[in-house]
Amino acid sequence: MSKIIEVSHLSKNYKNVKAVNDISFSVNEGEFFAFLGINGAGKSTTINILCTVLEKTSGNVKIGGFDLDRQKDKIKDLIGIVFQNSVLDIQLTVRENLVSRASYYGLSKKQIRERVNYLTEIFNLDEIMNRRYGKLSGGQKRRVDIARALINEPKILFLDEPTTGLDPQTRVQVWNIIHKLRKEKGLTVFLTTHYMEETTDCDNVVIIDNGQISANGTPNNLKNTYAQNSLIWYTEQGESTENMLAESKLNFEYFNSAYHIKIEKSTEATELINKFKIEDYEVIKGDMDSVFLKITGKRLGE
Ligand code: ADP
């Protein structure tokens with residue numbers, strides 16, 4: 001798989017604040033990539049540098065093989081961005097907003113019409129096309145924001161906390177459209193979010209804390225390495241069982257008719273099941289919330 005984003009020793013200082021401090025990572029073409037961190041971790045600074053809207057202090061960035069220092073215009077053609085706060089004109093209609101954005105890329109009238117029609121269909125914008133952007137609901141606005149970001153047929157879509165403030169139903173709707181585009185167009189998606197459940201489907205996650213990368217991997221690898229997993233053993237409570245567990249230096253509690261035994265990795269469950277001849281059990285993998293907590297000592301959303 002080819003790397004579509006390559007970040008090497010990237011730093012950004014604001015006077016004496018090291019907002020981004022020597023980070024390196026890459027994103028493969030077609031990947032669904034999540035950048036996670038609490039407020040102030042350095043997510044927006046990083047995404048803004050990659051999107052060419054903020055100057056870096058040092059380091060190297062390549063997007064689609066183009067160098068950020070020398071080939072900004074080439075990079076701009078490859079990317080679409082959905083900012084946290086919309087950049088659309090509240091006085092213009094949805095159509096006027098999309099057409100004016102398309103003109104920015106120097107497309108012909110025919111190309112603009114085709115592109116706007118395509119996005120109208122994908123994002124189900126027919127009914128709101130002639131309404132003023134400022135009069136739309138939050139969910140409708142977000143659909144238009146994402147359509148705007150895709151007007152130049154980018155290869156990479158940057159989404160900075162795209163579903164913050166949306167109701168659960170609209171969030172699902174927004175994600176369905178994005179996943180459809182990924183599947184149909186091979187779109188690479190670079191997401192920042194603090195909704196952990198949105199990272200479950202990701203191919204790769206980078207956790208940023210205090211301007212530095214504290215973990216990088218697939219959700220599954222991160223869960224195997226960092227999440228608090230447990231083996232739940234359904235059995236009657238008994239002294240001899242507890243002595244046996246204590247002798248093996250296990251950390252356990254008895255509740256809901258079962259021993260809940262803390263384990264590091266799924267493989268440890270297999271060993272214990274064999275060792276204690278456990279018949280009725282479940283292995284529960286810790287979720288991404290517990291991964292984040294273990295790595296940063298902080299909870300997302302706090
Ligand atoms: P996040 O997007 O993860 O919430 P940011 O990238 O916005 O984090 O911020 C990272 C750090 O840089 C924070 O400490 C923030 O206060 C600081 N920062 C961001 N923008 C500026 C700025 N324009 N001037 C000074 N400090 C800034």
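No value in this document is a laboratory result; all are computed from the given coordinates. Predicted, not measured: the structure shown is a model, and the values here were computed from it. We place every Cβ from the backbone using ideal geometry, glycine too, and count neighbours over all the protein chains shown.
Step through the table entries 15/135; 185/285; 223/275; 62/285; 76/294; 265/298, compare each Cα-Cα distance with 31 Å, and write down the pairs that go over it.
Details: 15/135 40 Å; 185/285 33 Å; 223/275 24 Å; 62/285 36 Å; 76/294 37 Å; 265/298 22 Å.
Beyond 31 Å: 15/135; 185/285; 62/285; 76/294.
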(message) Please give me the summed charge of the neighbours of residue 225: other residues whose Cβ is under 10 Å from its Cβ, Lys and Arg +1, Asp and Glu -1.
(response) +2
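Efficiency by 1/(1 + (r/R0)^6): what FRET value for residue 100 and residue 176, r their Cβ-Cβ distance, R0 = 30 Å, to the nearest 0.05?
Working: r = 27 Å, r/R0 = 0.91.
Computed FRET efficiency for residue 100 and residue 176 comes out at 0.65.
Can you give me the relative contact order of segment 229-285 as a percent, contacts being Cα pairs under 8 Å and 6 or more apart?
Relative CO of segment 229-285 lands at 52 percent.
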(request) With N set to the residue count of segment 229-285, report its C-alpha Rg divided by 2.2 N^0.38 Å to two decimal places. (result) 0.98
(request) Could you give me the percent of Cα pairs per 10 Å distance bin for segment 11-124, shortest bin first, beginning at zero and ending with the bin that holds the maximum distance? (result) 11, 34, 33, 19, 4, 0
(message) Step by step: find N for the chain, compute 2.2 N^0.38 Å, then divide the Cα radius of gyration by it. What's the final number?
(response) 1.22
